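Down below is the structure, laid out as structure tokens.
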Amino acid sequence: MKSIFSSLRDGRGFDVSLVAFPMAFLFLLSGLPLVYNIVMSLQEVDMFSLGTFARPFVGLKNYATLFSQPETWPILKNTALFVTASIAGQFLIGFGLALFFWNEFPGASWLRGLFLVSWVMPGLVVGAIWNWILSGDFGVLNYVLRSAGLISGNIFWRSDPAFALWAVILANIWLGISFNMILLSVGLSSIPKDLFEAAELDGAGAFARFFTITLPMMRATIGAVVSLGLIFTLQQFDLFAAITSGGPNNASNVAQYWAWDLSFRQYDFAQGATISVIMIVFVMIASVIYVRSTRQEVRG
Amino acid sequence: MTAQIELTEVNKHYGAYHALKNINLSIAKGSFVALVGPSGCGKSTLLRSLAGLEKITAGRLTIAGDEMTSVPPRKRDIAMVFQSYALYPHMTVEENLVYPLRMRGVSKTEARARAQDVAGFTGLSGLLTRYPRQLSGGQRQRVAMGRAVIRSPKAFLFDEPLSNLDAALRVSMRKEIRALHDRLGATSVYVTHDQIEAMTMADHVVVMKDGVIEQQGAPLTLYDRPENRFVAGFIGSPAMNFVAAHGIDSASIALDLPGRPQIAVSRHGEAPLKAGQAVVAGLRPEHLRIVEGEGAGQTGIGRFTLPVRLIESTGSLTYLSLGETGEIALVEHGREQLRPGDRLTLSIDPALVHLFDPQTGRRV
Ligand SMILES: Nc1ncnc2c1ncn2[C@@H]1O[C@H](COP(=O)(O)OP(=O)(O)O)[C@@H](O)[C@H]1O
Ligand SMILES: [Mg+2]
């Protein structure tokens, strides 16, 4: 006992315990459920076998079943569209705003702070707000579009299969803009100002400076923001629950919502786990990109 | 000699803060001009105004005869070496060097040939494929210089380029920068807070304080004939001694030192000194002579005796602090067999005594 304490104090054991605690934490709360989920996707699970671990293994049968269902491909397509459109929108608008606030004008940092409001709001609340905005009869969005002469009749955003997914994408972009903007702002402000001054004296105009200095210096930040955005977007659940519930007729359903629906509303845990495993693969890819982009950080 | 850069009544305000006050400065083509002054006096602001990185609030600036007051930096054809070097961290040395050429539409092959050339005479030949983070401080400094000289700008601006280097490297880079300037026949403006750098490198030194040009001229003119007490104290190392005094007649003063010693002063066109006129006498440490042999130990006309407080020797030079509180500095060549408490008798050449007005600080 004494030697354990002394090794804690003399440094070597201390290092190990500093690493061991978070590792144990991660293993218990992330590692085990992950493994459990993968195992479940290879088993036959029903309400009665839910409590035990000894369930019949069925190999890849759950995967085969999943891909033979007619709704699988449309839902995966929806997921891809949801992820790409959300990230593209969040990133482009967020980067635009970050560049805008980067020009120090009176009140810039105060205004930028206001954008954080969307970040601290729970997804369900955001969903409720967007329900009002998107409402077919009295929604603000329809009013604005009609006043601008862009549409003649009301769009029923949440119930029209052509628009339902876009309604959620719209809300999700709004939700993610501030996260993108803040991270990109931090990235921008960490670029030394004199690089831009040097480039300006070297003859670079505003566009040349953006493409030869700003973008390359932001590579690490952009990689991090996009891969984190991918992870967050794949986790986005609240907005679907609040706005469309995946409907109408799966028109706005995505993998993460479907997995929840299968597991906890239809009690088909094996199918839910199978979808989750497929999503884990994508999140893993995003994580690798994220880790690599932060590791390759270029700082003079 | 034509003026390459001309500033007329230039003023710069940061909000309520008046950073540059009525700057008039003419920089001759091919000259090496040093802007020197204590930290915060506006040297960088002036340099950045030349580059166009700061907008001047009033006044006029011309470069090579062209009106440049509100022309953007990239159209001024000026190159600058930053204190931080401002190398592009995501580009190799070669990419850093060719950047100014590529931005001006020079072809890739021609730019690379120029980079080879510049790397040759700045000592970067083996380093072209490295990134800035893989270079030492001195090598980064060379890349920054190379990037400036690769095109032939109308002027080179340097903002304390050597302040991040160690002392030995600083001395050798000083010579290299000057040699590069001469080789290119360039016009250079060099900001430094180090008066030794300014004195050794420049043809023309501009001394600034609180946004005002205190005096400008050839380095030795500033040393021999400082126009005010600030310049007198700033130029020269160790700094000039200032001793309160008053006039006895038109050619001698009495110093406010024990025994009220009287010393002769010679006037070179200044207004004649009046009896009883309060002045501050400036005596450079290297101009004080130790009187030995006959006359030593006596205070009288032309000499004064002070106790030794502190002796510091570098081997070749000996620095003495004299007086009750060690307020008078003296530098002697060689070594002195002295101990604290010894009394020294000093004299000074009348032509080397500077007199200033105690109120205005101006030379009298
Ligand atoms: N962007 C700025 N805003 C307000 N004050 C500034 C700014 N830049 C410099 N100053 C002030 O102007 C004065 C001169 O600064 P500077 O030219 O950098 O001095 P130095 O002679 O040390 O290079 C300083 O007092 C500094 O605080
Ligand atoms: Mg400065």
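Within chain A, the selection of entire DSSP H helices by a Cα span of 15 Å or greater along the long axis and an average Kyte-Doolittle value of at least 0.5 returns A:12-26, A:72-102, A:123-134, A:164-189, A:219-235, A:269-295. Most simply put, the protein assembly as shown has about 75% antiparallel DSSP beta bridges, counting only bridges with both residues inside it. The charge dipole of region A:70-299, taken about the Cα centre with unit charges on the Cβ atoms of Lys, Arg (+1) and Asp, Glu (-1), comes to about 140 debye, rounded to the nearest 20. Restricting the calculation to Cα atoms, region B:3-226 yields a radius of gyration followed by a Dmax of 17.3, 53 Å. Using only side-chain charges placed at the Cβ, +1 for Lys and Arg and -1 for Asp and Glu, the dipole size of region B:156-296 relative to its Cα centre rounds to 180 debye.
With a 10 Å cut-off around each Cβ of A:201-212, the average count of Cβ atoms from other chains is 6.
For region A:189-263, what D do you get in µm² per second when you plug the Kirkwood radius from alpha-carbon pairs into Stokes-Einstein at 20 °C and 1.002 mPa s? Answer from the Stokes-Einstein relation: 137 µm²/s.
About the centre of its Cα atoms, chain B shows a dipole size close to 1420 debye [charges on the beta carbon of Lys, Arg (+1) and Asp, Glu (-1) only; nearest 20 debye]. Dividing the summed helix terms, -39500 (n - 2.57) for each DSSP H run of n ≥ 4, by the number of residues in chain A produces a 222 nm estimate of -20500 deg cm²/dmol to the nearest 500. Region A:137-178 and region B:222-240 have Cα centres lying 75 Å from one another.
The long axis of helix B:93-103 is offset from the longest Cα principal axis of chain B by roughly 70 degrees. Give the percent of DSSP beta bridges with both residues in region B:3-226 that are antiparallel, rounded to the nearest 5. Of all bridge pairs located within region B:3-226, approximately 55 percent are antiparallel. Helix B:137-149 axis versus longest C-alpha principal axis of chain B: approximately 70°, rounded to the nearest ten.
So which of A:K193/B:K29; B:K21/B:K209; A:K193/B:K55; B:K43/B:K209; B:K175/B:K209; B:K75/B:K154 end up more than 20 Å apart by C-alpha? It would help to have the intermediate numbers written out before the result.
Numbers: A:K193/B:K29 30 Å; B:K21/B:K209 10 Å; A:K193/B:K55 16 Å; B:K43/B:K209 9 Å; B:K175/B:K209 27 Å; B:K75/B:K154 11 Å.
Distance filter (> 20 Å) returns A:K193/B:K29; B:K175/B:K209.
Over region B:119-200, what is the relative contact order in whole percent, taking alpha-carbon pairs under 8 Å and six or more residues apart?
On the way: 53 pairs, mean separation 23.7, N = 82.
The value is 29 percent.
Remark: relative contact order (chain A) = 26 percent; criterion is Cα-Cα distance under 8 angstrom and separation of 6 or more residues.
Shielding value for B:98-104 is 5, the average number of Cβ atoms from other chains within 10 Å of each residue's Cβ. Other protein chain C-beta atoms within 10 Å of residue C-beta, averaged over B:69-79: 3. In chain B, the longest principal axis of the Cα atoms and the axis of helix B:167-184 are about 60 degrees apart.
The overall shape of region A:141-300, judged from the alpha-carbon gyration tensor, is oblate: a/c is not under 1.5, and a/b is no greater than b/c.
With the convex hull of its Cα atoms as the shape, chain A has an orientation-averaged projected area of 23.7 nm².
Annotation for region B:252-279 versus region A:235-289: alpha-carbon center distance of 95 Å.
Counting alpha carbon pairs within less than 8 Å and at least 6 residues apart, what relative contact order, in whole percent, applies to chain B?
15 percent
Centre-to-centre, using Cα atoms only, region B:69-91 and region B:152-189 are separated by 16 Å.
As a rough guide to protection, the peptides B:181-194, A:139-152, A:256-269 ranked by mean Cβ packing within 10 Å, highest first, stand as B:181-194, A:256-269, A:139-152. Is region B:21-81 best put as rounded, prolate or oblate by its Cα gyration tensor, with a ≥ b ≥ c the root eigenvalues, rounded for a/c under 1.5, and otherwise prolate when a/b is larger than b/c, oblate when not? In terms of gyration-tensor shape, rounded. Summarised in one figure, the compactness ratio Rg/Rh of the protein assembly as shown, Cα atoms and Kirkwood Rh, is 1.17. Per residue, the Cα convex hull of region B:108-229 amounts to 132 Å³. Computed from the C-alpha gyration tensor, the three semi-axes of the ellipsoid equivalent to region A:60-146 are 36, 20, 13 Å, from longest to shortest.
None of the figures in this text is laboratory data; all of them are computed from the coordinates on show. Since the structure is predicted, the reported quantities are computational estimates derived from the model, not experimental observations. Every residue, glycine among them, receives a Cβ derived from its backbone with ideal geometry; neighbour counts consider all protein chains shown.
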